[in-house]
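Notes for the one structure printed next.
The values are calculated or read from the model by the stated rules, or taken from the named source; none is laboratory data. In this text the structure is predicted, and so the values were computed from the model without any measurement. Note: ideal-geometry Cβ built from the backbone for every residue, glycine included; neighbour counts use all protein chains shown.
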Amino acid sequence: MLKQIRMMAAVLAVFSTACATVPPEGPGPEPRPGEAPRPEQPVVPGRQAPPLRIGLIVSSTGSSVLEQYATLILDGVRVAEQAASTPQRDVELVVRDDGGTSAGAERAVRELEQAGVRVIVGPLVDEALLAAARARSSDDVVIISPTAVSDPFGVRNAYALNVVDTRGAEALGTHARRWSRAGVLYSRGPEASRQARAFIDAFTRGGHGRVTDAAFPAGATNVTDQLSQLREAGIEVLFFPASDREIQSIMPQLEHAGLDGVQMLGNESWVGDAARRAPQRVLQGAVVAIPLWQESADIAWQEFVGRYEAMHRRSLTNPVPALGYDAALLALRALTSGNSSVTDFRGATGVLSLQAGTVTRRPFLVRIDGSRLVPVN
């Protein structure tokens, strides 16, 4: 499901470039346009602590796509606001509209800082996140974009919740150490190369084993030479961090590559929509690393769905609000813990950690068994 959200985020980034370059005047609406005013919170006797304040930067004006994402994210953040409030302390949301521009994001950050906000959810796209992070007067203000897919490197306390990390590839590399000869089939694109390197480092740690590195040009659809190289090396296990397109174009070649008996290892694309049309002989028995396994009790997905549907009185039909929910709760955790380091947070979109300038998710290793996913111990 995270793969689906990242594809949505890619569309969002494309549309953001077509937005107006002039930010709207003044603060954004709270609540958003068309939303009924929120009822006043009842006064609770004994409530003494001041509210915890979360800043939210969304694009309530701009392109229609940005507005749709703003609505989805705000829906999720509202659920987090309600879930985190207690009889002793309220959570208060302070919303600003960036108009879908980097300049608007810079202005929104300055307004939120002046309002005393110390943690911010948003903006929604990579360029605006970087601009907002650089516009802070203090990098002690934590900023987490729920939908950006690239970390703003070199900027402290700024995170992209939707980034792809390498923990799954590392876990598969460790799992593969029960064999001595491994192969890696991957595109030379930056993302697949990162996954391949993480797998190789984990597999060969301490001088273990031998790896056959079979990279192919980004965009290639024929990997006959690479498959011959892997077959001749006598590999026992093969890691293929595939894109959805590669699942469709390359997976059928694996079926006829003479790799019978080789244990297949894959990433989350192996259990996505594209894999439904892939050869079942290749998929069956494969071990894959996924960051979000909705059936796991370690994940708060079902609780989020229940809270969302109870609050909004409608079914959850889009996964994007879960990113807003997790970003808000992570921001609050960073605020209340006194620092931005968060480890093994039980979120709706995975078991999350904020460390070393990035967001990571604990991987789940599962084996494909027909239509079922079976945990690998």
| field | Restricting region 289-307 to residues that are over 17 Å from the mean Cα position of the chain (by Cα) and in contact (Cβ under 8 Å) with a residue 60 or more places away in the chain, the residue that is farthest from residue 164 (Cα to Cα) | value | 307
| field | Cβ pairs under 9 Å, 6+ apart, first in region 240-266 and closer than 14 Å to residue 230 by Cα, second among the acidic types (Asp, Glu) | value | 240/246; 261/236; 262/236; 263/236
| message | Checking the condition free of Cβ contacts under 8 Å to residues at least 40 places away in the same chain, in the same structural domain as residue 154 (by TED's automatic domain parsing) and of a type outside the set (Gly, Ala, Ser), which residue from 323, 335, 316 passes? | response | 316
| Is it the case that region 206-218 has a residue that's in contact with a Ser or Thr (Cβ under 9 Å, 6 or more places away or on another chain) and charged (D, E, K, R)? | yes
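Could you check, for region 137-147, whether at least one of its residues is in contact with a Pro (Cβ under 7 Å, 6 or more places away or on another chain) and among the polar types (S, T, N, Q)?
Of the residues in region 137-147, the ones in contact with a Pro (Cβ under 7 Å, 6 or more places away or on another chain) are 145.
This time we only want the ones that are among the polar types (S, T, N, Q), so: 145.
Looking through region 137-147, at least one residue is in contact with a Pro (Cβ under 7 Å, 6 or more places away or on another chain) and among the polar types (S, T, N, Q).
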| query | So which residues in region 332-372 are closer than 21 Å to residue 303 by Cα and among the aliphatic types (A, V, I, L, M)? | reply | 332, 342, 348, 351, 352
| query | Among the residues of region 213-236, which ones are touching a residue at least 40 places away in the same chain (Cβ under 8 Å) and surrounded by 23 or more Cβ atoms within 10 Å (Cβ to Cβ)? | reply | 230, 235
| said: Quick check on region 191-209. Is at least one of its residues at pLDDT below 95 and surrounded by fewer than 23 Cβ atoms within 10 Å (Cβ to Cβ)? | reply: yes
| note | When region 167-192 is checked residue by residue, the ones that are in contact (Cβ under 8 Å) with a residue 60 or more places away in the chain and assigned to a loop (DSSP other than H, G, I, E, B) are 179
